[in-house]
Structures are given as C-alpha cells and as structure tokens.
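The values are calculated or read from the model by the stated rules, or taken from the named source; none is laboratory data. Nothing here was measured: the structure is a model prediction, and the numbers come from that model. Here the Cβ is made from the backbone with ideal geometry for all residues, glycine too, and neighbour counts use every protein chain on show.
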Amino acid sequence: MRTILISAALSFAFGYSACNFAIISTICDVAASRYLLYAILILVVLFVLILIPLERIANFEARRVFWPSHLCSRHVRTGFIIGWNVRSFTACIATIVSDIDLDALVRALGSLTSEPQFAAMNRICGVSPVVLGVAIVPFADGMTAQAVAESNTKLLSSRSLLEHKETANLWLTIEIKPTYIPFLESLHCCGYLYSHVSSEIIFYKQPDPRSFQFLSLDPLTLDISKINASGALFDAAISPKAAQRRTKSSMNHSRLYLSSSGRTVTDDMNINSSYTIEQAVHAKAKNLLRRRARSRSMSEAVRESAVDLSIKVRSKLAITVSMVWPRIQPFTIRPLMVILFVLRALVEFSLWVLNWRFPAWAFNGIAIKDMTTTGQQIDLRLQQACFWPWQYFMAKKRAWTNMSVTRAQYISFYNSMWLVANDIIIGVAFGSFLISNNQYMAEVLQRYVKGYTIDSISAVLEWLTSKNEYPAGLKLNPELNPFLGQLFKWLIELWADFIISLAPIVPVAINLIGLSGAFGATMALSLISDLLAFTTLHIYWFYMVAARIFHWQLTILYSLFNLFRGKKRNTLRHRIDSCDYDLDQLLLGTILFTLLTFLFPTIVVYYLTFALVSTGRRML
C-alpha cells in the first residue's frame, strides 16, 4: 500500500512539473487548454478522494499486539498465548504457557477468573484474560530442529486448537524469529482467516506489583488530599450500587485514547495486571501437570513428598490454631481492642480540645492549638496517628487494582513514616545534647534573655527619657515622656524579678525539652520556640499597650478633624455626613485637638520603638 501511495505521489509530482515545460506546450498546441485543466483536476480529485482514504484504511487495519519484553528470550518455548482481547484487532499479551492441553488451559482460566480477586480485576480491566492464540518457536534448547518442527506441527494440527481457531473472536498465530522478535503470521476472527496482515508489535516491560510498579500515560498524583476530598477512594460504608458506579467510572477514565490519530491504545490496567495473571496461570498449569504426571523421577518424587509433607504440617498447624484461637481470643483480642478504642477516644478528644476556638471577644477567636507552636505540633502528630492505620490498610487492600491511587497512598504513607523516623533520630541526638549540657544551656539562655530583652530595652527607655539630649533629634513632651518611660521601666523591673525567680527551674525545663526529643526534633524545637516566646512575653505586652494608645489617639484626632470640617460619621450608614456643631463644641474640640496634636509625636515614638522590638521578637 505504501508503494502505491509513493508511486501515485511521484506521478502527480511529475505531471505537475511537466506543466511548466515544453511538453505541456506541445500538448496545448494540439488540444484545447481547458481539456488539460480538466485532466489535472481529475488527478487531484482521485488523489484526495481515493488514495488518501486508502492510506487511512491501511493504518486503521494495522493489528496491534502488546508484547512483554521478557518473552523475547531463548527460554521461551512453543505454547499458548494468554492475554486480553482489548478491542477489535488489539491484543495485550500476558504470558505463554507450554506443555499443557488447550482444553485444560481454558478450564483453568475459567476457574481462575471466577476467584474473587481476579473477578474484581476483570471488572477493572473491562475484559477477562483468555487464550488468544499460539506462539510458534522453531528452536529449543536440547532439541533438534526436526524434533521442534514435528512438535509444532502436532500442536497446530490438534483437534482442540482447530476448534478454538474456528470459534474464537480473535486467534493469533505468532512465530518467534531466531532474533527472538515475534511476528504475526495469521489472524483468525470467528473462523475467517486474515493472512499476511500488517501488524504493530509494541513491547513493554512487565511491571511488578509487588514493588508497586505500574505503567501509565497519566502522571502520578501524590497529593492525596485532593483524592480524599473528591471521594475517589472506596469507602467501606458505601452501598454496592455506589461502588459499582465508581468502578464503571474508573474503567471509563482509565482507558487511554490517541485523539490525534483517532485510534485507541490498550488499557494500562491490562499491562499492569499482566504480572499477576502470568504468575497465577503458571501456578495453575504446574498443578495440572503435577496431577496428570504418570511417571516421576526419584528427585521429583522426593520433592513432591516434601511438598506434601509441608502441606500436611501446615494443615495440622492450621487446624490446631483454629481450635485454640477461639478460646484465647476473648482474652487477647478483645482487651487489645478495648485499649485501642480508649486510646482512639482520647486522641479524638485531644484533637477536639486543640481545635476548640475562643469566642470572638477573647484572643480574637483563635484555636487553642494556634496559641503555641507545641500545640500545632501535637495536633499534627495526633492527626497522623489517626490517619496512618487507615492509609496503610487502604494501600494494602487495593494492591490488586494496580491503580495510581494505591501507589500514591503507598508513597505518601512510607514517605511520612520515613520523615517521622528521621525526625525522631535527629530528635534523640539533639535531646541527648541538651540533657548532657543543661546547665550550660540554661546559663546561655539566661544571659541572652537578660541582655537582649531586659537590659537593651531598659537602655532604650533611658535614652528616650534622657533630659540632656533629644532622642533622634525629636523634642518629646516633657510631661508624657517621663510618665511613659517610668511606666515601662517599672514593668520591665517586675518582669526581670519574675525571670530571676524562674532561674532554678530553667535546667529542668531544658531536660524536659531534651526528653521530648524522643517524639522528634520538631517537638523539641517547638518547645524551645515556646520557651523563647514566654521569656519575651513582656515585649509583646509593651507593643500591645503602645499600639492601643496609638490607635485611640489616632481615632480621636480623626474625629476632631471631622469636627473642624463640619462633618460627622454616620455609624448606621457607614459614611461621613454634614453636621452643624455649637460654638462650645467647636471650642472644646479645638482644645482637645491641640493637646492631642502636641502629645501625638511622643506616642508615635514609643509605638515605633516597641513595634520594631516586637518585629525582632517575631523574627527570633
């Protein structure tokens, strides 16, 4: 077909180029020019309407076979092909089974697909695995070419194979070349033979679900919060109808399409399930061969007797455990379940307490956990303790589905466990350092806290209240400035006495922080952060007092300024309206505005001072 297309394209190009040379001029002298134009138009129409559709049909009729790469080896022998007939003339191969009767293999596949695990897998894949055909290998280790040819001829001429070839929806005859490359020799569809057909052999590396390997054209979504929020995961409490609807939805969304060419490709679920099907089919085949073996060698007899003995021992142990377990179960499982239930109830109650919010008028309505860094860390650890068991069982429960959701749960679970393990390892080392150096760390903490949060602020207040110089070139109010300075100095002295009284218990607090390192370095750092926040709590109080005074004075100045303009704020309509004031109101407003204007620079200086100090505290 491609040769015809190339010939047609070259003919068209030659005819088009000939129009520009003397050949067409001679023809035009003999015939009318319009007839030549008609001929060219007819060629163009034939090319567009016939040749291009033929190419599309040729591409569409190409048979696609997805072939596992591990079957391209010298260990492959002639046998039957197991896989999925995904859609018309598209097959996904899982394995090749040798040395087994076709009818027995079909019965084994039927019993295999009826098992609950594989029945659920078939619902996800959309189709069940079947015998798709026969793979012919013209070579084999330890056999001559003539013996291999006779064996292959006997297999191909068997009655059961011919019957399946006539009745199967899809029957492939594939020959493995000496280069270990499969070649599609023929194809039967409902008894009709398609010989010398074009085919596409697509090789894939079989993913191992035990290592959570899978193939997908879609990127792996590791953000499981979106998956849980959208309800994509199966819930044990959902109804069977809802589960069926979700299964159909996952089947519809898991099919991959090539929209550019209009052709479909195989479902990635078939490829991801091929390993499981291969292992199960080979296990069934081995059991069948073992049952039908008439003569056995000494080694096989010893091996089978050992296997039978191990099976008997396991069965005896299972019977013993099944008899003893119901008697000891009430004394082991039930108390453990009660303990776990009590622990879960305590965790849920602790989470409720940590997430409880104050009223809007108290602490701005924040939650209890947001008041301290330690509270946030405890809340995170408790949530992880509640979420990890569910996430672990979810990943294990849905391992057979080979979906990216299971892999995302697996990756998220072990990533979080690895991070927590590293956190605990670092926390234990950090805690050991704190415990062994608690006295030195206590002295360093007290020295820095006294130097940077008490002495430095006292020096700033002394500079602001100094009578011999103007701080930063500003002339502060001589009455208000000493009052505010003495007020803050008195508060600092009270706080310094309080900190000194707590000095004996600082080493004990550092020891407790070191012990908390067993819960992770983040827990120890959270306690250190809260300890530093507590020792600098007076800075936050000073800032809040200065900010509140600044806000009050600024609000009063704004109101008095509106009084001069003859305006008044309408609190009901949230706007500024005109208002007529009396003379005494204007006089009183003028006096108050003058006083507050002269006091305002002093308030601004103290506000900026403690705002900068509070900013440094937050950065710390």
Quick check on my filter: what residues within the stretch 191-218 are among the polar types (S, T, N, Q) and closer than 24 Å to residue 89 by Cα? 195, 198, 199, 206, 216
Taking residue 145, is it small (Gly, Ala, Ser) and surrounded by 13 or more Cβ atoms within 10 Å (Cβ to Cβ)? no
Could you figure out which of (1) crowded, with 18+ Cβ neighbours inside 10 Å; (2) hydrophobic (A, V, I, L, M, F, W, C); (3) closer than 28 Å to residue 88 by Cβ isn't true of residue 155? (1)
Please state which one of 480, 484, 476 is surrounded by 11 or more Cβ atoms within 10 Å (Cβ to Cβ) and within 25 Å of residue 451 (Cβ to Cβ). 484
If a residue must be without any contact (Cβ under 8 Å) to a residue 24 or more places away in the chain and either of a type in the set (Asp, Glu) or farther than 30 Å from residue 376 by Cβ (or both), how many such residues does the stretch 330-362 contain? 9
Going through 351, 346 one at a time, which residue ends up being more than 30 Å from residue 540 (Cβ to Cβ), under 31 Å from the mean Cα position of the chain (by Cα) and not hydroxyl-bearing (Ser, Thr, Tyr)? 346
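For (1) in a strand (DSSP E or B); (2) at pLDDT 70 or above; (3) among the small types (Gly, Ala, Ser), each residue gets a yes or a no:
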{"residue": "187", "(1), (2), (3)": "yes, yes, no"}
{"residue": "193", "(1), (2), (3)": "yes, yes, no"}
{"residue": "200", "(1), (2), (3)": "yes, yes, no"}
{"residue": "207", "(1), (2), (3)": "no, yes, no"}
{"residue": "235", "(1), (2), (3)": "no, no, no"}
{"residue": "247", "(1), (2), (3)": "no, no, no"}
{"residue": "251", "(1), (2), (3)": "no, no, no"}
{"residue": "270", "(1), (2), (3)": "no, yes, no"}
{"residue": "290", "(1), (2), (3)": "no, no, no"}
Please work out which one of (1) surrounded by fewer than 17 Cβ atoms within 10 Å (Cβ to Cβ); (2) aromatic (Phe, Trp, Tyr); (3) under 30 Å from residue 594 (Cβ atoms); (4) at pLDDT 90 or above is the condition residue 498 fails and give its number. (3)
Unique residue being of a type in the set (A, V, I, L, M), over 25 Å from residue 531 (Cα atoms) and part of a helix (DSSP H, G or I) when the list is 360, 345: 345
Got at least one residue in the stretch 564-582 being touching a helix residue (DSSP H, G or I) at 6+ places or on another chain (Cβ under 6 Å), farther than 20 Å from residue 379 by Cα and either free of Cβ contacts under 8 Å to residues at least 12 places away in the same chain or in a helix (DSSP H, G or I) (or both)? no
Only one residue in 393, 430 is aromatic (Phe, Trp, Tyr) and at pLDDT 90 or above, so which one is that? 430
Search result, residues across the stretch 564-599 that are over 60 Å from the mean Cα position of the chain (by Cα) and on the phi > 0 side of the Ramachandran plot: 566
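Residue-wise test of (1) modelled with pLDDT of 80 or more; (2) hydroxyl-bearing (Ser, Thr, Tyr); (3) touching a strand residue (DSSP E or B) at 6+ places or on another chain (Cβ under 6 Å).
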position: 98; (1), (2), (3): yes, yes, yes
position: 114; (1), (2), (3): no, yes, no
position: 126; (1), (2), (3): no, no, no
position: 141; (1), (2), (3): no, no, no
position: 147; (1), (2), (3): no, no, no
position: 153; (1), (2), (3): yes, yes, no
position: 158; (1), (2), (3): yes, yes, no
position: 161; (1), (2), (3): yes, no, no
Does the stretch 392-407 contain any residue that is closer than 28 Å to residue 503 by Cβ, in contact (Cβ under 8 Å) with a residue 40 or more places away in the chain and assigned to a helix (DSSP H, G or I)? no
Given (1) under 54 Å from the mean Cα position of the chain (by Cα); (2) surrounded by fewer than 17 Cβ atoms within 10 Å (Cβ to Cβ), number of the condition residue 539 does not satisfy: (2)
Any residue that is surrounded by 15 or more Cβ atoms within 10 Å (Cβ to Cβ), aliphatic (A, V, I, L, M) and at pLDDT 85 or above - is there at least one of those in the stretch 381-389? yes
Counting only residues in the stretch 457-473 that are surrounded by 13 or more Cβ atoms within 10 Å (Cβ to Cβ) and part of a helix (DSSP H, G or I), the one modelled with the lowest pLDDT is identified as 471
What are the pairs, 6+ residues apart or on separate chains, where a residue within the stretch 448-460 that is aromatic (Phe, Trp, Tyr) has its Cβ under 7 Å from a residue that is surrounded by fewer than 17 Cβ atoms within 10 Å (Cβ to Cβ)? none
Residues of the stretch 117-146 being under 15 Å from residue 280 (Cα atoms) and assigned to a loop (DSSP other than H, G, I, E, B), in sequence order, are 128, 129
Index of the failed condition, residue 541 passing every other in (1) in the same structural domain as residue 597 (by TED's automatic domain parsing); (2) within 20 Å of residue 509 (Cα to Cα); (3) not β-branched (Val, Ile, Thr): (2)
Given the structure, is residue 323 out of contact with any His (no Cβ under 6 Å at 6 or more places or on another chain), modelled with pLDDT under 90, of a type outside the set (Gly, Ala, Ser) and farther than 18 Å from residue 385 by Cβ? yes
Given the conditions (1) buried (at least 17 other Cβ atoms within 10 Å of the Cβ); (2) touching a residue at least 60 places away in the same chain (Cβ under 8 Å), and given that residue 198 satisfies all but one, which numbered condition is not satisfied? (1)
